[in-house]
Each structure stands twice: as C-alpha cells, then as structure tokens.
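Trainee: My questions all concern the structure below.
Read the figures in this text as sums done on the coordinates, not as results from a lab. Because the structure is a prediction, the values reported are computed rather than measured. Ideal geometry is used to build each Cβ from the backbone, glycine not excepted, and the neighbour counts take in all protein chains shown.
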Amino acid sequence: MGYRWRTTAGSLTALAVVLAAFPGSTAGSGSALTGPSAAKAAVGAKKVTPPSRLPGYNTERNAYFGDLHVHTKLSFDAYIFNVRASPDDAYRFAKGETLGHSSGFNIRLSGGPLDFVAVTDHSEYIGALQEAADTNSPLNKLPIVDGLFSTNPVNIGAAFSRIIEAMGNNTLPKEFSDKRIASKAWKEIRDSAERHNDPGRFTTFVGYEFTSAPDGRNLHRNVIFKNAKVPELPYSAVQSQDPENLWLQMETWRKAGVEALAIPHNMNGSDGLMYEQTRRDGRAMDKAYADLRMRNEPLAEMTQIKGTSETHPSLSPNDEWANFEIMESYIGRAKAITKFSGGYVRDALKAGILMQDNKGFNPFKFGFIGASDTHNAAPGSVEDRNYFSKVGRTDGMPERRGSIPAEGRKTWDVATPDPNGNLGRFQSWGASGLAGVWAEENSRDAIYTAMRRKETFATSGPRMRVRFFAAYDYPQNILKRSDLVTVAYRNGVPMGGDLMPSKGKAPQFILWAMRDPNSGYLQRAQIVKGWVQNGVAKEAVFDVACSDNLAVNPATGRCPDNGAMVDLSTCEPMRYKGDAEMRTLWRDPTFKPNQRAFYYARVLENPSCRWSTWDAIRNGTPPNPTLLPTIQERVWSSPIWYAPSL
Amino acid sequence: MTESLSNQSPVRAMIVRAWREPLVHFLLIGALLFVGILAARSLQRPVVRIDAQELGQLAGYWSTQMQRDPTNEELQGIIHERVDEEVLAREALSLGLDKDDMIVRRRLAQKMTFASEDTANLPEPDAATLMAFFEKTKADYQAPPRVTFRHQFFNSDRGKDQALARANAALGKVSSGQGTSLGEPFLLPLGYSDASLIDLNKDYGQDFAGALLTAPLNQWSGPIASAYGFHLIKVDSRVSAKTPTLDEARSDVLSAYQEQARKARNAAFLDGLRKKYRVEISGIPQTVLK
C-alpha cells in the first residue's frame, strides 16, 4: 500500500483506554469493547501513564497468529544456505514488509502481517558461520569449513555434511563456540526483539533453538523467554544433548527470575525418540520427571514445514485424514524413519494418559502450536500459493524442491536424479505451521500466559480460528446465545484445560471454527478422542459438524462428501462449497466415566492446491505425478483432558 | 732471519711464491665474490615467517581436532604443511593463477565489501537534516485510520438471501429502538475500540473495512458483506489516518535515517570505484538471449 504503519507517540496515547461497559451493549456479549470516551479523550493528549490494557483488550480473548520458530543468518545452517537476512529483517517481514530471498527474488506474506514472532536461531555455534566467512577470523582457516564459502555446490554440500556430522558427535572445533562470537549474536537477537516489540500491535519474544539430535534423531526444541529477562547466553546442545538437562537449567533460570518454556518440534524426525518412554539417560520416568517436563514444555510444535507430526497413517489406520504432509526422514539427511510410535503427538498423548493410569504421572500432557521453521528469516511463510520452502538457496527454486521437471523439460517422462535424496525430502515438506493463541491482548504477558495454560492451536498455514470448550452442563440454546463465549468459559474449560471428574454425565463440547478470509471454506469439523480402555490406549475420530447443510451419517460417523473440488489447471476452487463458520455442541456418545481420555478439535477446509501444484502451474508443466496435487488445510485445537478422579 | 729463510721447505716457498702471483689473487677474489653473492642471494630469498602466535594457533586447531597436544614431530608436520601452503599460494600468485578465478575474485570482492562497509553507527544528524529527511519520508510514519464500532452478524452459510433478509429485518428493529442485539453469535469480537483499519482489513476483508470509513456515525447501518456473511454496523467514532510530528516518531525516523545513510555511503563508495573503470561488455551470448 505504499506506506508502512508505525507506532508513534500519537497512537500510543490511544492505548490509554479503560474497560467500561459500552452504552447499550448487552453485558458479556462477546464484545471486546473498551470505553470509547476514554479512548477519544486520550487521543491528542501529550503524556499518558503506561496503559494497563492495550487496544483490542478482550476479556473473552482474541485469536492471535504468530510464528515461534524462525532462523536468520545467525544460524549456522541458514548462513550456509546463503541466507543473509538478520533478525531485524525477520521481524520486518512478519510485519508485512518485502524481503529479498537468497535465490534472488522478493518475498512477502500474502496473508498480511503476523501478530507475534520469536526469532529462534540455533544456539549451537550461533553467529559462528558468519564469523567463519570472514577471512580475518581464525575460524576461516579451520579445515572443517573448507569449501563452505566456495561457489561450488558440491564442496558446499560436503562441508555442510562435515559440519552436521561434527555437530552430531560433538567434535566441532572449539573456536565455533567462542563466547565472544556467541555473545555478539545473542545480543543482536535480544536487541532486535526489543526494538520490534510493540505492545498492542506486534509482540516479539527472545528465543533460541536447542539443537539436540543424538545419532541424528531429532530432539530439537525452541526455548521462548517470557520477557527481556534472559540468560547471558543460551544453554545449548553442546553443553548437553539431554533435554532433561535443558529443563534443569530452565529451573535454575526460573529461580533467578528468568521465565521460559521449551517447545519441541519434528517429533516425526526423531525415529521414535521424542516421546520414548524412558528418560534420555535410560533411567525410568517418575512423577518428578513428568512434572519437570510439563513445567518446562507445556506445548508441542506439531506441524511445520518439515512435516506434520499429528499422527502417521500406520498409527491411525482409521483416520482417513492422517496422511497429511507426512515426512518419513531424519532431519537434514535422507535416512528413513523406522519407528513412528514416539514420533507423533496423538500417539504420545495416548501414551501419556495410559502412563497416568498405570504409574500415576503423565509426561506427555501438552498443547499444540504450529510454526514455520523458516531458515529464510521469513516468519509465517507457510502459504501454499506463495511458497518458497525454507532452506535458502538450497530449495528456493521449484526445480530444487522437485515440483517441476529438471532442466527445463516440460514433462515428467525423465526421472530427475536425486543422488543424496534431498529432492525427495524437499518434496515431502509442506507449506504448514502457524501458531494461534487465545489471549486478552497482543502483549508478551498475555500471549506467554496463554501458552502456559495451553490455550493455543495450530494451523497448517491459514489463519483459521477455532474455539473449543468442554463442560457437563451447557444450556441447550448456548450456540444461539450472544453470550456464548462468556457461558462457555464460565461453565466449562477451554482448550488446554482439564475437565473435572464426571458425576455420571458425558461431557459436552463446543466446537466453533471460522474460516480465514484469505483462504478456503470449511468442509468438516472433527473431534479426535483418545482414551484408555482395559489398560489399552485407543483413539477415534468423530465428524461433529458438516458443511453445506449436510448431516453426519450415523452409520459411518462421517459427513457425506460435500463435492468440493479444485480446478488443477488454475487452482481455482469450486464455488459455493463449504461454510464460513462451523458451530456445534457435541456430547461424547462413547463416554465412560471411569475411562481417562483427551479430546481435541480438528477442522478441515475444502481441498485446495498443494504448493507443488502451484509451482507446476506457474511453470506451465503438469504437477509432479508422485506428489498429492491437493491438500486439505486444517486447524488443530489443544486437547482437553478428562480424568476419572482427581 | 737468513737462517730461517734458508731453512724454508720447498712447499712453503711455493706457497709464498703463489701468494705473490697476480693470477692467484684474481682467482681468490673471484671465489670470494662468488661466495659473497651466494650469501647475498640467500639473504634476498623471500621469507616465509611463522610467528609464535600463528604457530600456537595452528597447534591449537590441531589439538581441538585430535583432543591432545601434538608431539614435536607432529608440530614439524604442521609447520611443514603451513609452509607448503604458503609457498604454493605465492607461486600460484606469481604465475597469475588468481586471475580469472571466480572463487578468488568473489573472496576478494567480499573482503573489500566487508572492509569498506561502515558497520559502526553513523554520527547523529543535526536537527535540520533530520527534519528534511522526515519531511521527505513522512508517509512512512502515517498511522492508519482507527475506528470504534459495534456490529451484528448474520451467517450466510445456509443461504445468502435469507441472511440478507434477516439482517434487513434486524436493521429495521434496532433503528426503531426495538432491541439492541439481534445478530447471531460471532467468533470474532462484536465490538472494537480504536481498531486499526489494517487489522480490520486482514480479518474482515476490504469491503467491510471500507464501509466502516463511510458509515454514518452513531446509528446502525448495513447490511455489509464480509468474508463471513452480513453485518450491521454502528460506528461510534473514527480517527482518520494521521501523520505524526517528528517528535512523536523521532526514534523511528532516526533509525531509518541512519539505515539509509549507511546504504548511501556504501553505494557512494561503490560508485566512486566504478568511476575509476571503463566497463566494456562484448556482446551477450545467444544462450542467454533465448
């Protein structure tokens, strides 16, 4: 639009609003209204005391969308991928500005600015590659970086593998962990977050990625700090590969007033290790361990570009939608995953409630968020129609990610050689992963607190909103009441919460979803249930609302096909299919008061083109026949847990 | 003395004689010169000097790789390798192997860029300069219009016409004071205070946001279509797009000024360099032209 919006003192004065009943508005009507007279009076005032509540403050909470997994040139791998964009660039991109991609084109979010972002560079060797590229630095002369800064992709690749391997077995030269280099980078990250944090408009968090991967099995997690109070340096996987040691460090920080939470990701690349049922050092889990883990890891990043870790078709054979952006490879190399159990969140939630029944503790009681894991300093770049993948020059062009035939060919008759399996990996990545939180206002405090109480959701990219509440006694007419949300909170618990033990009644769930105005229409709303029955954890997927005036078939438990289709030559969806909104009240027909359970919502859009199809259309070639041409975008709420007794 | 002279051995006499011979003088001087030139040449040979600091560093790298200190023999090896690298590099340079080498060229260019880029903060501009910059870039700091309003929602998933009819009926009622909230539950807020038009655009679409700017104040109007359905709206107040004063936007203006000053300085440096050269391009290859 030609100009950028900025915070100015003038608009800050407008923040001085007080919460007051709006004249004539019904009490608790789901309104976010704050006193307009106060707002008006404040405009133009020169000096105001810091407001206690920001514009948009809503006691019933707003959905904010963000990305808490973002890499810049300060990450060793991003630098190797030729990414030179800084944390400042990443925040600017998130605010809607245009950024140069390392492959030489401009990138910009088509869905508009995000509400909150954390830059989370790899803490291991942070800033060291930038340093190593400087020939005046001793790092530049280390044999391990030999070829890394050449222009020969083969040499770059060889050097990259060498470095990844050395990282894995902890044999990188010490120079890479030089404290001065790390301090400089860490300061840049902190300063940048401070500069861009703009309460009420745009929230930043200081963060970093703890990059542990024993034997290449991914145990990565992002550490997100509540505010500007952060440690002098990150605690990285160089110090320990065992996440338990990270949590212990976080406890130490907390005692010193540094509040943080960790969010694991790419369970799908852990070969079953992320949710293994012993501690990393082999000892048995106990209650203290489960408490430690849950105190420090209330959330899981269950979808991102490197695949979605909700569930795997082999783990959920009765879930027709389980096959969504599945990545079956180790992280960073084309080694096949052999163990899916322990690598997907639904499976882990089940293992958790079973453990609670058998042993009295649950180390896997987490909520959901999504994130991009962009290495292009491009938060929120998970738009299928506007996809440039995530590892800089390595996969920035369609040919490099296998969505168009190689060497300018017009057909797929000739197979493209893929000697190191990179093409296959990039093809299996999805344009997926965005975080949603229900918070009173757009501030660090409100968003962080929402993450702590797991009132969060994950989307596959679109900014769909989902509300999910549970209670035993909602009024029959609740869905039609203007105070729906007020009552939903008052009588029940929101996503991320715990239901009280039942006094015989089955719980009711309010599932309310709204489309993203810039994306497709909604096709069906589902509730995924996991429960323990006779010492075995089970799962089921219930369709609970259908679009287009359709009703769930009681025999199959499924919505009939709404007939939505996409024109694969244009990616244009069929018109007038799907709903803008879905709102339903569902009582679990299979509920047994003595069975421990969890429930989460999943809402699907109509089918739309996958990024690989968009790439092919722009190139004027047919979509890659080995890839699915369409996907169904979706949103997942955090679970609500049911316990038979306190 | 004569005694001693007469006692001279014949060999000694020969040496003495030779010593007096001009030819011998010539040969000796020649030999001395030869040795001297050799010595001088050897002093003139280019030096490969590895100081204690660099040697320490090299040994250090070795140790971190091998997890122990090098033995004397290994240290010799390290030195050897370093010396070989140096002499090979110098020979390559003297043979001109660095010419027309893309890798070498890029590294040099990179180093030069790095050396010439001013990473330190530039001096603060004076008041007049900053004001002039602000006047030029004012539009960048414009705050979006802000609206305080309420709305009622009518879902059109089950029929557009029906939703429109419900909305119109509701408009009649609220306008004549019968009831206040006749709309349906809505997942987004039903009221906004001082909301930015940018956010409303993003959440509701342009038609809806645009209508908020023109709707009559303090009365219900509509229905307006959004990405979700139909809405009745009641705007309580509007603040039009506002350009701040320099004081209000000072820190933003200052950082933007410095950013562009840094870019300008780097560009000027490159411009200056370019002027030192005449660029000739001898045709574009057919393959590029297509």
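Trainee: Note down the Stokes-Einstein diffusion coefficient of segment B:154-290 in µm²/s, whole number, using a Kirkwood radius over alpha carbon pairs, 10 °C, and 1.306 mPa s.
Mentor: Details: Rh = 20.2 Å.
Estimated via Stokes-Einstein, D reaches 79 µm²/s.
Trainee: Let me ask you something else. Can you put A:Tyr235, B:Tyr141, A:Tyr344, A:Tyr289 in order of Cβ neighbours within 10 angstrom, beginning with the fewest?
Mentor: Working: A:Tyr235 21, B:Tyr141 24, A:Tyr344 27, A:Tyr289 17.
The order, fewest Cβ neighbours first, is A:Tyr289, A:Tyr235, B:Tyr141, A:Tyr344.
Trainee: I would also like to ask the following. Could you identify which residue out of B:Leu27, B:Leu108, B:Leu93 has the top mean-square fluctuation in a GNM of chain B using Cα springs shorter than 10 Å?
Mentor: Greatest mean-square fluctuation among the candidates belongs to B:Leu27.
Trainee: Another question about this same structure. Specify the inter-centroid distance of segment B:230-251 and segment A:240-269, based on alpha-carbon positions, in whole Å.
Mentor: Each part's Cα centre sits 42 Å from the other's.
Trainee: Over segment B:143-239, what relative contact order in percent results from Cα pairs under 8 Å that are six or more residues apart? Working shown, then result.
Mentor: On the way: 175 pairs, mean separation 42.6, N = 97.
The normalised contact order for segment B:143-239 reaches 44 percent.
Trainee: So how long is each side of chain B along the principal axes, counting just the alpha-carbon atoms, biggest first, in Å?
Mentor: Dimensions of chain B along the principal axes of its Cα atoms: 157, 52, 50 Å.
Trainee: What is the spin-label model distance, in nm, from B:Ser63 to B:Ala31 if the labels are put 7 Å beyond Cα along the C-beta direction?
Mentor: In this crude spin-label approximation the distance works out to 5.2 nm.
Trainee: Given springs between every Cα pair under 10 Å in a Gaussian network model of chain B, which of B:Val11, B:Val104, B:Val239 has the largest fluctuation?
Mentor: Evaluated over chain B, the most mobile residue of the options is B:Val11.
Trainee: What ranking of A:Ile126, A:Ile181, B:Ile103 emerges when the number of other C-beta atoms within 10 Å of each C-beta is taken as an exposure proxy, fewest first? All intermediate terms of the calculation are to be shown ahead of the outcome.
Mentor: Working: A:Ile126 28, A:Ile181 22, B:Ile103 14.
Taking fewest neighbouring Cβ atoms as first place, the list is B:Ile103, A:Ile181, A:Ile126.
Trainee: Moving to a separate point now. Using a Gaussian network model of chain B whose springs link C-alpha atoms within less than 10 Å, name the residue from B:Ile37, B:Ile50, B:Ile224 with the highest mean-square fluctuation.
Mentor: Result: B:Ile37 has the largest fluctuation of those listed.
Trainee: If you count, for each residue, the other Cβ atoms within 10 Å and average over each peptide, how do A:400-410, A:63-73, A:515-525 line up from highest to lowest? Show your work: numbers first, answer last.
Mentor: On the way: A:400-410: 17.7, A:63-73: 27.2, A:515-525: 24.1.
Order by mean packing, descending: A:63-73, A:515-525, A:400-410.
Trainee: Pick out, in residue order, every one of the trypsin sites (Lys or Arg not before Pro) in segment A:561-646 that is DSSP loop and has at most 15 other C-beta atoms within 10 Å; say none if there are none. Don't jump to the answer; show the numbers that get you there.
Mentor: Values: sites: A:Arg575, A:Lys577, A:Arg583, A:Arg587, A:Arg596, A:Arg602, A:Arg610, A:Arg618, A:Arg634; in loops: A:Arg575, A:Lys577, A:Arg596, A:Arg610.
Here the trypsin sites (Lys or Arg not before Pro) that fit, given the DSSP loop and packing criteria, are A:Arg575.
Trainee: Please report the spacing between the Cα centers of segment A:555-598 and segment A:285-299 in Å, no decimals.
Mentor: 34
Trainee: So what are the radius of gyration and Dmax for the Cα set of the protein assembly as shown, in Å?
Mentor: Cα only, the protein assembly as shown: 34.6, 157 Å (Rg, Dmax).
Trainee: Moving on to the next point. Assuming R0 = 45 Å, what is the FRET efficiency of A:Lys187 and A:Asn553, from their Cβ-Cβ distance, to the nearest 0.05?
Mentor: FRET efficiency, A:Lys187 to A:Asn553: 0.15.
Trainee: Still on this model: Please work out the Cα center distance from segment A:481-549 to segment A:325-350, rounded to the nearest Å.
Mentor: Cα centroid of segment A:481-549 versus Cα centroid of segment A:325-350: 27 Å apart.
Trainee: I've got another one for you. Which loop trypsin sites (Lys or Arg not before Pro) in segment A:212-247, with loop taken from DSSP, have no more than 13 other Cβ atoms within 10 angstrom of their Cβ? Could the numbers behind the result be given before it?
Mentor: Values: sites: A:Arg217, A:Arg221, A:Lys226, A:Lys229; in loops: A:Arg217, A:Lys226, A:Lys229.
Answer in residue order: A:Lys229.
Trainee: Hey, another quick one. For B:194-207, what's the mean count of beta carbons from other chains sitting within 10 Å of each residue's beta carbon?
Mentor: Values: counts 15, 3, 7, 1, 6, 8, 0, 3, 10, 9, 1, 2, 1, 0.
Neighbouring Cβ atoms belonging to other protein chains average 5 per residue here.
Trainee: Determine, for B:Val253, B:Val24, A:Val635, the number of other Cβ atoms within 10 Å of each Cβ, and report the residues in order from fewest to most. If you can, show how the numbers build up before the last one.
Mentor: On the way: B:Val253 24, B:Val24 13, A:Val635 30.
Listing B:Val253, B:Val24, A:Val635 from fewest to most nearby Cβ atoms yields B:Val24, B:Val253, A:Val635.
Trainee: At what distance in nm do the modelled label points of B:Arg105 and B:Ile284 sit from each other, each positioned 7 Å from its Cα along Cα→Cβ?
Mentor: It is 1.8 nm.
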